[in-house]
Amino acid sequence: MTFPRLIRWLHLALSVGIALQLLLSTVMAQPRPGKIRSAFELLTFSIHEKLGMFLLAVLLLHWLAWVFGKAHHEMGHFFPWLSPERRRLVYAEIAELARFRLADPEARNALAGAVQGLGIVIASLLAMTGSVIFFTINPDGSMSSTVHMVKEVHGTLGPVMWTYLVLHAGAVLAHLTLGHRSLLAIFRLQ
């Protein structure tokens with residue numbers, strides 16, 4: 001597998017950044033009216049905010065790479081649901097997986113593309129909802145009811161991203177166990 005340099009760097013930024021964001025979310029404390037936060041809680045929340053804005057920019061670049069044809073596959077590979085032929089390929093790979101068969105991603109990668117597209121959507125929704133909170137929350141943590149609703153969506157998507165990350169890493173390990181080393185090409189940064 002070969003990936004354009006831009007995509008490899010974006011993947012590295014997303015994988016490290018999202019992992020850090022998830023870890024930060026376990027120790028940070030957001031501002032709340034009347035609640036005093038420790039220096040550590042203040043620091044971790046501040047890092048989470050700044051890193052979130054950086055990841056929003058990285059995700060925007062990723063979407064633009066697709067739009068302008070600079071990604072390794074066209075957008076339909078990552079969002080196959082509107083094409084009957086692409087859906088058929090995804091369902092065929094799911095059926096193989098149900099029989100405990102994991103194809104080499106060099107030969108068959110429709111399901112992998114759909115899963116990666118799902119990850120980009122989850123990450124994008126997290127970044128967008130996080131940016132709404134970033135720009136609208138008051139310094140004391142108070143917020144409008146609309147922003148509070150956005151915060152609830154953001155909080156709900158966190159565990160969804162944890163699940164995605166664990167399953168994605170598990171799939172990589174399963175492929176590596178079967179000798180499918182070509183997917184490591186995404187980590188070649190030169």
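The values are calculated or read from the model by the stated rules, or taken from the named source; none is laboratory data. All values derive from a computational prediction rather than experimental measurement. Note that each Cβ is placed from the backbone with ideal geometry, even for glycine, and that neighbours are counted across all protein chains shown.
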Looking at Gly170, Gly155, Gly130 in this structure, which one is closer than 16 Å to Leu14 by Cα and either among the hydroxyl-bearing types (Ser, Thr, Tyr) or under 18 Å from the mean Cα position of the chain (by Cα) (or both)? Gly130
Residue in the range 27-56 that is nearest to Ile137 (Cα to Cα), counting only those that are loosely packed, with under 12 Cβ neighbours inside 10 Å and among the hydrophobic types (A, V, I, L, M, F, W, C): Ile36
Is there a residue being in a helix (DSSP H, G or I), among the hydroxyl-bearing types (Ser, Thr, Tyr) and on the phi < 0 side of the Ramachandran plot anywhere in the range 35-44? yes
Residues in the range 53-73: is at least one under 23 Å from His175 (Cα atoms), in a helix (DSSP H, G or I), out of contact with any strand residue (DSSP E or B) (no Cβ under 7 Å at 6 or more places or on another chain) and touching a residue at least 24 places away in the same chain (Cβ under 8 Å)? no
Consider the range 82-94. How many of its residues are within 15 Å of Ala112 (Cβ to Cβ) and either in contact (Cβ under 8 Å) with a residue 24 or more places away in the chain or among the small types (Gly, Ala, Ser) (or both)? 3
Give me a count of the residues in the range 17-32 that are in a loop (DSSP other than H, G, I, E, B) and under 8 Å from Thr44 (Cα atoms). 3
Identify, please: which residue in the range 1-16 is surrounded by 13 or more Cβ atoms within 10 Å (Cβ to Cβ) and outside any helix (DSSP H, G or I) and is, among those, modelled with the highest pLDDT? Phe3
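Look at the range 93-149 and say how many of its residues are of a type outside the set (D, E, K, R) and closer than 30 Å to Ser46 by Cα.
Residues that pass the stated criteria total 33.
Quick grid of which residues meet (1) of a type outside the set (A, V, I, L, M); (2) over 26 Å from Gly52 (Cα atoms):
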position: Arg108; (1), (2): yes, yes
position: Leu125; (1), (2): no, no
position: Thr129; (1), (2): yes, no
position: Asn138; (1), (2): yes, no
position: Ser142; (1), (2): yes, no
position: Met149; (1), (2): no, no
